[in-house]
Amino acid sequence: MAESRTPRVDELEKGPWPSFVKEMKRAAEKKPAAGDLLRQLDLSYEEKVGHWKHGGIVGVRGYGGGVIGRYSNKPEEFPEIREFHTIRVNQPSGWFYTTKALRSLCDIWDKYGSGLTNFHGSTGDIILLGTTTENLQPCFDELSDAGFDLGGSGGGLRTPSACVGPARCEYSCIDTLDVCHSLTLEFQDFLHRPQWPYKFKIKVSGCGNDCVAAIARADLAIIGTWKGPLQINQAAVAEYVKNGLDIEEEVIERCPTRALAWDAANGELKLSAEDCVRCMHCINRMPKALKPGTERGATLLVGGKATILKSAFLGWVIVPFMSLTPPYTELKDLMGRIFDWWDENAKNRERIGELIYRLGMRTFLKEVGLPPVPQMVFRPRANPYVFWWPEEVKRNA
Amino acid sequence: MPRTDFGPPHYGEMLPPVIKRNYGKWAYHEILKPGVLKHVAESGEEVYTVRVGSARLLSTDTIREICELADKYCDGYVRFTSRHNIEFLLSNKENIEPLIAEVKAKGWPVGGTGTCLSNMVHTQGWIHCHTPATDASGIVKAVMDELYSYFEEAKLPAKLRIALACCLNMCGAVHCSDIAILGIHRTPPRVNHEMLAKVSEIPTVVASCPTGAIRPNPKLKSVDVIEERCMYCGNCYTMSPAMEIMDPENDGISIWVGGKVSNARSAPMFSRLAIPYLPNNPPRWPEVVEAVKHLVEVWATHARKGERMGEWIERIGWESFFKLTGIPFTDKHIDDFIFSVPTFRTTVQFRW
């Protein structure tokens, strides 16, 4: 047992928030690897440095990704985590589970792994944290029998994820769970066999509240929206006001485009529909009274990513509105063209946003066949360094 | 051979019956109290959600405990959120309080809705990553211990999203959070020439540098680092173990504020630098915890109702933010990378 061999991390058993150290000790009761993991972590706490070696190619038959190789750089001291690979398991859309499915995952992981997991990793996968090279294949075999497939890693499609959507949210303008599932199946060759310049993330949010942070974190963000006026139930608005909502202060003044006005005399909320930019604030504040409009679809944005290499980007609007109904053919065709163009033109480890930045949005739009529209920019260019395509000018030849 | 390429389980198999019956037909919701949501369908059916904080790093036995509660109260169904919370979905209102009592008896927090602090999205840190500048789970635990009451009580001006990434790779993509805790290196990589010649492709290492600080050294079949150009991002180390960047003396933490991903009211925003460096001080990182708590308190004191951290700062101006927080403004706060120019002030309008 590990008593007082980990004095530093033991400190984190205290305090009110659930303790990951307790989780590690709990796993260590059955699994020696979890004990060595805790002891190596304690050493990191002493030395203020990590103790994992660089990568290593490991995997399971038929797949090029989904497993992250990991080796301790102190194998003599911590032999149980000499090999401690992560398996990424593709989560069901929206992170819903039956307890039967969860228990089958636990049983498999107790048999083959450290007994430690992440629910979930930050991309959305179920993370099975730490097993040996030898155990990878039998572990996957049993996962497969239980109906669980691998998630993505490396230079390929990463596991798409979706907000709770229509399963339990009245805001959702698209069927996020179905879009996510359908795209995962459609493109799973790219997910399971990385063959691209770098990673590509897809996230699906049902509305502009963007609960899966698609705009910040996805190379392709699919965010639900609508056309036409939002739906107003005037009686329900009045009810909110009657119950103490300061509608002027909390709704009218916060509308970013001044699209709303409150007619106190008649108890009526007035909407200037052409000014509404569908930000969701008023709906968030009065969900009983306001709903998205009836013509629903999604805005597509491309390029979102974190800092490395050329700076963080938020996703850029490339399709202001697309109807999304199964089997999502228009979306899938567009995605195929985007993948092809990026794969063809990107340098090694160049995300699509960086490629568009390097070659120009006009090139991207032309190559994937999207028309330029004002919704794509906040404002037009101020510099006069304008490129013309050869066919747009007359040359003496 | 096992089956391959069949994809994740179909979500339809994982949905509780009450969800299936009302899929896409929800009418509205209310927050009954912190951590408890009530969704009402057009059919009049109701589903109650109890949101529970989690360590994210879970043992299989803890997951089995979650399953036992879900069997007892939720017909054998449970879900997780994008911020690692557990959600129990109840079709029977009478089960809310007994479930909460059992959850609390296990020491698990209930909250994270509306104007509560939600759980922190974070990365692996020293537990499982090979490039971190700091730990992840330990800092998250220390910060959440200190801010615990903000998870359980709805007493903030607006929602609060804190995230942590243990290096600039940002697997946690923290760059649009109200408060981002980011592990940083502060010294250039030391090149292990012998190793680099053996294990790495030189063009790949050279191309990995955002500032062009890495040049080939053909004589050694290796590379050299122009140290004054290096801003220690660690991307070269991600590409090559011979670019040793970890430096326990100098690695540490930076704090960024004011980001958001939601489109509500204001457009999504990046987090911006508040504190360039705090020391790595395990196991409880007191300087980081104190700094985060201070930021939350200053915001909570001064913001208007409904104002996210970034919206508050944009209203009062960043110069006022530094004044109110007492955080020193340094040359580190002024951008000098490729998109720096639009951050320079080009008006004589500003506050004292």
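The values are calculated or read from the model by the stated rules, or taken from the named source; none is laboratory data. Just so it is clear, the structure is predicted and the values come from calculations on it, not from any experiment. Positions of Cβ are generated from backbone atoms using ideal geometry, with glycine treated the same way; all protein chains shown enter the neighbour counts. Quick note on the areas: whole protein, heavy atoms, side chains included, nothing else; ligands and nucleic acids left out. Shrake-Rupley method; radii C 1.70, N 1.55, O 1.52, S 1.80 Å.
Miscellaneous remarks
- Screening A:122, A:182, A:161, A:144 for residues that are at pLDDT below 95 and either facing chain B (nearest Cβ under 9 Å) or more than 28 Å from residue B:163 (Cα to Cα) (or both) leaves exactly one candidate, A:122.
- Sole residue being within 8 Å of chain A (Cβ to nearest Cβ) and farther than 23 Å from residue B:146 by Cβ, chosen from B:96, B:63: B:63
- Residue A:98 being outside the structural domain of residue A:181 (by TED's automatic domain parsing) and touching a residue at least 12 places away in the same chain (Cβ under 8 Å): no
- Restricting B:41, B:70 to those that are within 7 Å of chain A (Cβ to nearest Cβ) and within 30 Å of residue A:284 (Cβ to Cβ) reduces the list to B:70.
- Residues of the stretch A:13-37 that are surrounded by fewer than 16 Cβ atoms within 10 Å (Cβ to Cβ), without any contact (Cβ under 8 Å) to a residue 60 or more places away in the chain and over 30 Å from residue B:152 (Cα atoms): A:29, A:32.
- Among all positions in the stretch A:194-202, there is no residue which is at the interface with another protein chain (Cβ under 10 Å from one of its Cβ atoms), in contact with a strand residue (DSSP E or B) (Cβ under 7 Å, 6 or more places away or on another chain), buried (at least 24 other Cβ atoms within 10 Å of the Cβ) and not β-branched (Val, Ile, Thr).
- Of the set (1) touching a strand residue (DSSP E or B) at 6+ places or on another chain (Cβ under 8 Å); (2) buried (at least 21 other Cβ atoms within 10 Å of the Cβ); (3) of a type outside the set (Lys, Arg), all apply to residue B:266 but (2).
- Scanning the stretch A:167-196 for residues that are among the charged types (D, E, K, R) and within 30 Å of residue A:287 (Cα to Cα) gives A:168, A:170, A:175, A:178.
- Subset of the stretch A:213-229 [part of a loop (DSSP other than H, G, I, E, B), of a type in the set (A, V, I, L, M, F, W, C) and open to solvent by 10 Å² or more (accessible area, probe 1.4 Å)]: A:213
- Filter result for residue A:94 (more than 8 Å from chain B (Cβ to nearest Cβ) and at positive phi): no
Residue-wise test of (1) assigned by TED's automatic domain parsing to the domain that holds residue A:59; (2) hydrophobic (A, V, I, L, M, F, W, C); (3) farther than 16 Å from residue A:300 by Cα.
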| site | (1), (2), (3) |
| --- | --- |
| A:174 | no, yes, no |
| A:184 | no, no, yes |
| A:189 | no, no, yes |
| A:196 | no, yes, yes |
| A:201 | no, no, no |
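- Checking the stated criteria, residue A:23 turns out not to satisfy the condition of being out of contact with any strand residue (DSSP E or B) (no Cβ under 7 Å at 6 or more places or on another chain) and at the interface with chain B (Cβ under 10 Å from one of its Cβ atoms).
- Subset of the stretch B:314-339 [within 14 Å of chain A (Cβ to nearest Cβ), free of Cβ contacts under 8 Å to residues at least 24 places away in the same chain and open to solvent by less than 90 Å² (accessible area, probe 1.4 Å)]: B:315, B:335, B:338, B:339
- When A:156, A:151, A:147 are checked against the criterion of being small (Gly, Ala, Ser), in contact with a strand residue (DSSP E or B) (Cβ under 8 Å, 6 or more places away or on another chain) and surrounded by fewer than 24 Cβ atoms within 10 Å (Cβ to Cβ), a single residue qualifies: A:156.
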